[in-house]
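Asks: Structure in structure tokens, see below.
The values are calculated or read from the model by the stated rules, or taken from the named source; none is laboratory data. As the structure is a prediction and not an experimental result, all values here were calculated from the model. Virtual Cβ from ideal backbone geometry, glycine too; neighbours counted across all protein chains shown.
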């Protein structure tokens with residue numbers, strides 16, 4: 001078995017593994033990119049905003065690569081994979097992290113918000129994984145960032161939760177589609193995590209919202225992006241070589257409370 005950092009090229013020379021992290025410019029995606037970078041991988045991050053991507057690259061340092069891409073746009077995804085193929089020739093670890101949610105109770109759900117969430121969280125995952133397949137090979141790993149909302153969305157998060165439940169069922173089917181390929185695919189589903197997007201989601205009520213989440217947590221706090229990154233890195237690694245098709249909850253027990 002090869003280790004989690006190097007593969008062997010056809011000429012017998014060790015080559016660094018290539019990891020692609022969508023939505024890797026901030027939050028959980030950024031933490032995952034940094035964790036895989038620390039593992040010695042050649043990391044590629046994507047995001048929709050070039051200025052934020054450039055800032056993320058500066059923060060990560062090293063030889064991290066960044067490409068502006070919108071996972072809900074198939075032409076944008078194709079350009080991304082063309083660039084990765086040209087520069088690196090393959091993907092060893094794919095982290096489909098790009099996503100987002102909008103708070104809205106039943107009666108206030110807007111069509112535009114519905115479309116946006118399904119376009120990014122479901123369509124984006126489908127075509128990110130499908131587009132990457134030609135670059136993935138035996139021993140490669142796909143990690144999809146889900147959410148505990150897949151089983152416990154709570155009030156105002158019905159559409160977001162539906163998108164994450166859809167992703168869980170996609171993976172249950174895909175492990176059969178990928179049978180014999182040597183490609184593993186798993187989901188890490190975080191609970192509430194200390195990111196700017198979580199705070200922004202509560203708007204002016206962010207202090208009360210965060211307090212509610214802390215009080216509800218059996219572990220007494222919300223998670224940190226770095227904690228989710230550790231789980232994602234495990235699923236991506238050869239240490240998890242017999243782990244396939246699971247949804248692993250990293251939530252301090254919140255989904256069981």
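Asks: Inside region 149-162, can you point out the residues that are surrounded by fewer than 22 Cβ atoms within 10 Å (Cβ to Cβ) and on the phi < 0 side of the Ramachandran plot?
Replies: Scanning region 149-162 gives 151, 152, 153, 155, 157, 158, 161, 162.
Asks: Okay, moving on. Please go through region 182-202 and give me each residue that is in contact (Cβ under 8 Å) with a residue 24 or more places away in the chain and exposed (fewer than 15 other Cβ atoms within 10 Å of the Cβ), ordered by number.
Replies: Passing the criteria: 182, 196, 197.
Asks: Another question, if that's okay. Within region 150-166, can you find the residues that are over 21 Å from residue 230 (Cβ atoms) and touching a helix residue (DSSP H, G or I) at 6+ places or on another chain (Cβ under 7 Å)? Quick ask: steps written out before the conclusion?
Replies: Going through region 150-166, the residues over 21 Å from residue 230 (Cβ atoms) turn out to be 151-163, 165-166.
Correct list: 151, 152, 153, 157, 159, 160, 161, 163, 165, 166.
Asks: Report, ordered by the first and then the second residue, all pairs with beta carbons closer than 7 Å, sequence separation of six or more or different chains, a first member in region 159-170 that is without any contact (Cβ under 8 Å) to a residue 24 or more places away in the chain, and a second member that is surrounded by 18 or more Cβ atoms within 10 Å (Cβ to Cβ).
Replies: 161/149; 161/150; 161/153; 165/150
Asks: If I go through region 205-243 residue by residue, how many of them are buried (at least 17 other Cβ atoms within 10 Å of the Cβ), modelled with pLDDT of 95 or more and not in a helix (DSSP H, G or I)?
Replies: Count: 1.
Asks: Can you find a residue in region 160-183 that is modelled with pLDDT under 95, more than 19 Å from residue 66 (Cβ to Cβ) and not in a helix (DSSP H, G or I)?
Replies: Step one: list which residues in region 160-183 are modelled with pLDDT under 95, which gives none.
The answer is no, given that none of the residues of region 160-183 is modelled with pLDDT under 95, more than 19 Å from residue 66 (Cβ to Cβ) and not in a helix (DSSP H, G or I).
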